[in-house]
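Novice: Starting off with a structure, shown below.
The values are calculated or read from the model by the stated rules, or taken from the named source; none is laboratory data. Bear in mind the structure is a predicted one, so any value in this text is a computation, not a measurement. Note that we place each Cβ from the backbone using ideal geometry, even for glycine, and neighbour counts take in every protein chain shown.
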């Protein structure tokens with residue numbers, strides 16, 4: 001089950017996750033392919049993703065998923081999307097389901113923590129796993 005969280009704007013205009021609800025609740029439907037993956041395989045790490053030696057991405061179990069507002073550095077409020085972080089890398093990047101696109105088999109976006117961007121990565125979770133695996 002996805003953690004019930006919501007984003008609250010802080011004084012410095014960043015978004016921080018609150019783990020309690022204050023009357024608001026995030027309810028999302030996870031892609032069937034993600035559910036099947038974690039049921040059959042569980043949390044799994046992939047090495048050398050995208051051909052980068054030493055890079056490692058780990059698919060998170062459902063209890064560690066985070067639902068949050070995602071916005072690129074310098075982007076307008078309208079460009080914010082509700083994302084579900086489902087995988088992380090050892091060097092700080094993360095992979096999100098973009099809940100605006102491809103419902104319920106959401107588009108995957110990669111967050112580059114160094115530049116603050118959310119780039120399209122694959123059209124869905126299955127394609128993401130294939131890319132992680134180098135297929």
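Novice: Does residue 130 count as surrounded by fewer than 18 Cβ atoms within 10 Å (Cβ to Cβ) and in contact (Cβ under 8 Å) with a residue 24 or more places away in the chain? Steps first, please.
Specialist: Details: surrounded by fewer than 18 Cβ atoms within 10 Å (Cβ to Cβ): yes; in contact (Cβ under 8 Å) with a residue 24 or more places away in the chain: no.
So residue 130 does not fit the description; no.
Novice: Scan the strands (runs of 3 or more DSSP E) fully inside segment 1-115 and keep the ones with 1 or more residues being at pLDDT 80 or above.
Specialist: Ranges flagged: 44-47, 56-59, 66-70, 81-89, 94-98, 107-112.
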